[in-house]
1. Measure off, as a whole percent, the carbon and sulfur share of the 1.4 Å-probe accessible area of the range 74-150, all protein chains present.
2. Among the aspartates and glutamates, which fall within straight-line cross-link reach of residue 52, defined as a Cα-Cα distance under 20 Å, with same-chain neighbours fewer than 8 residues apart omitted?
3. From the helices alone, meaning DSSP H stretches of at least four residues, give me the mean residue ellipticity at 222 nm for the chain, per-run term -39500 (n - 2.57), in deg cm²/dmol to the nearest 500.
4. Under 12 Å from the Cβ of residue 69, count the other residues' Cβ atoms, weight Lys and Arg +1, Asp and Glu -1, and hand me the total.
5. Could you give the nm distance between label points at residue 35 and residue 7, where each point is 7 Å from its Cα heading toward the beta carbon?
6. Got the relative contact order for the range 14-56 handy, in percent, Cα pairs under 8 Å and 6 or more residues apart?
7. In whole percent, what relative contact order does the range 30-140 give with Cα contacts below 8 Å and a gap of six or more residues?
8. Equivalent-ellipsoid semi-axes (√(5λ), Cα gyration tensor) for the range 77-171, whole Å, largest first?
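The values are calculated or read from the model by the stated rules, or taken from the named source; none is laboratory data. Remember, predicted model here, so these are calculated numbers, not experimental data. Neighbour counts run over all protein chains shown; Cβ positions are idealised from the backbone, glycine included. For accessibility, only protein heavy atoms count, side chains too; no ligands or nucleic acids. Shrake-Rupley method; radii C 1.70, N 1.55, O 1.52, S 1.80 Å.
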Amino acid sequence: MDVERRERRWAARDARTGAVVAYHVRIDSEDGAKRIWWEDTEGNRQLPEGIKVADLALYNIQNVQGAEEILIVEGEKCADALIGEGIPAVGTICGASTCPSDDALRAVVQFDRIVLWSDNDIAGRRQMSDIARRLHALGATNLRIVNWADAPEKGDCADAVDQNVDIRQLI
């Protein structure tokens, strides 16, 4: 029996210039399996030489300028879930084991309120804690953390949207 797959591709931008330098590709299967990889702009399965994932801009940062509040979540899929609900969100694209660079994080310090929503696992909480420390060091003063007490293990904001959780109440 064939398993249905859904492929998504997100442009990855340089945090300093905003230029697209690569693509983050994800395939989710109906059986719950997922595959994720990087492609350069020519379609080769690799990041271009000299590019570090920590130096990539937060996903969707170019579309949220002017908002008073910004949500930072783990990954493009989660950011897209919140964007679909009309909530200004950006996603880390470096994976939970890495903190975005200061160049990537400087773009969110300007917001009046920064809300961090980690995946419900150790790596996600550690990453958001690291991001909060870096943002504070860069001058951010109004940082909040979402506490979804009923989140399943590894649950994220996309799961909350799928489960019809009152996202705005959590925020």
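1. Taking all protein chains in place, the range 74-150 shows 45 percent carbon and sulfur surface.
2. Hits, sequence-local ones excluded: 14, 39, 40, 42, 74, 76, 102, 103, 130.
3. The per-residue figure over the chain is -6500 deg cm²/dmol.
4. Numbers: positive: 113, 144, 168; negative: 68, 112.
Spelling it out: positives minus negatives among the neighbours equals +1.
5. Those two pseudo-labels are separated by 0.9 nm.
6. Working: 48 pairs, mean separation 14.9, N = 43.
The normalised contact order for the range 14-56 reaches 35 percent.
7. 25
8. They are 21, 15, 12 Å, listed largest first.
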